[in-house]
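Remarks on the structure that follows.
Computed from the coordinates by the stated procedures, all read-outs in this text should not be read as laboratory data. Just so it is clear, the model here is predicted, and its values are computed rather than measured. Positions of Cβ are backbone-derived with ideal geometry, glycine not excepted, and every protein chain shown enters the neighbour counts.
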Amino acid sequence: MGFLNKPKLQVFLATFCSFTIFVPWGQTTSIAQAATKADIKLQPIYEQYGKRFDVPWGILAGIDRYAELSKTKADRNEHPFYGYAFDDVAWSGLSNPNSHDIDPMTISLFGGLGVDANRDRIASQIEAEDRIAALASWIDLESGESDLDECVWALFQDPVAMDRVFAFSRIFETFGLHPEGHCFPVDKRYNYTVKHTFGAGRSFGGRRIHEGVDIFASYGTPVLACSYGYVELMGWNRFGGWRVGIRDGDNYYYYYAHLSSFAKGVKQGSLVRPGQVIGYVGSTGYGPPGTAGKFPPHLHFGIYREIGHREWAFSPSSMLASWERQKQTVMRVKS
């Protein structure tokens, strides 16, 4: 039903190519903060057109968020507005001689996707209401009753993007577009010591660098979610032992390793909030499943930033220092 079955219409969809760079924390946060400021007023529009076209508003917001966070500099220059961008030919109409047309009458005449939702006699993607209405209308037309997966695939042609969009949707619809608050990742009522060893050399499994900070604490010390997000990954890793990976709505990935066990009620796909117990400090890893005791008990905590298909680690030390000063509320979820 989607563009996957209509190759000649593939030109309708914008493609967001990505690259990876290493930048300091301050610069990466500015990207997320810019997104926050840009879409903070869009939720009523997502809700309005989601309801009109029977599309979950969180899906519209998730598409926009992932598209925005995946844009390259060239993408931003071509479409200098927040969110997903249809190809100009898609917006104007495949046979339209003016690929940058903003006249709703001629766009309609040539079968373009552009609409004048705010009734200002201009159909422009720069106007958020026009763009979001067109996106919701297209999804409604292409998805029928139940093919949202196929529509999201047609927009990005990327399984990772599909996972992110649907996960972001759950986060937004449960916690809002921009839930505020973070938490230090271990229960501060227990004794602990933070070792800022990001970038240090490691030799197990080959030469590599340490992509995180070690928080030494006794076995069984509660490990906490530091952000609103969802459990993207949990299980065994030969380096990290029992580990959990949590991703938030700004596409930051928080990695917790060497756990002794997981908290009851936490599983892959679970939504979590700051201060929620997700596991307990241990010394697992550096071997096959069940290996433990090769080093003192501690939590390995790392943060990764993703742009498109690649991600990189950066030092979490400044964030940990900030969270450590904040009041902490520990929560346990009933299984």
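Annotation: for a label point projected 7 angstrom from Cα along Cα→Cβ of Val333, residues of the stretch 268-284 with backbone N closer than 15 Å are 268-280. Loop-resident chymotrypsin sites (Phe, Trp or Tyr not before Pro) (DSSP state other than H, G, I, E or B) in the stretch 121-200 with no more than 12 further Cβ atoms inside 10 Å of their Cβ: Tyr190. Neighbour counting of Cβ atoms within 10 Å sorts the residues Asp163, Asp250, fewest neighbours leading, into Asp163, Asp250.
Spacing of the modelled spin labels on Phe239 and Arg76, each 7 Å from Cα toward Cβ, amounts to 2.9 nm.
In loop segments of the stretch 36-145 as defined by DSSP, the GluC sites (Glu not before Pro) with at most 10 further C-beta atoms inside 10 Å of their C-beta are Glu145. Compute the relative contact order of the stretch 192-324 as a whole-number percentage, counting only Cα pairs closer than 8 Å that sit 6 or more residues apart in sequence. Result for the stretch 192-324 is 27 percent. Sparse packing (at most 14 other Cβ atoms within 10 Å of the Cβ) combined with a DSSP loop state is found for the following trypsin sites (Lys or Arg not before Pro) in the stretch 86-146: Arg119, Arg121.
Separation of the stretch 279-326 and the stretch 238-276, taken as the distance between their Cα centroids, equals 10 angstrom. Extension gain, Lys188-Arg325: 0.36 nm per intervening residue step, less the Cα-Cα distance, totals 48.3 nm. Remark: the Cα gyration tensor places the stretch 192-324 in the rounded category, a/c being less than 1.5.
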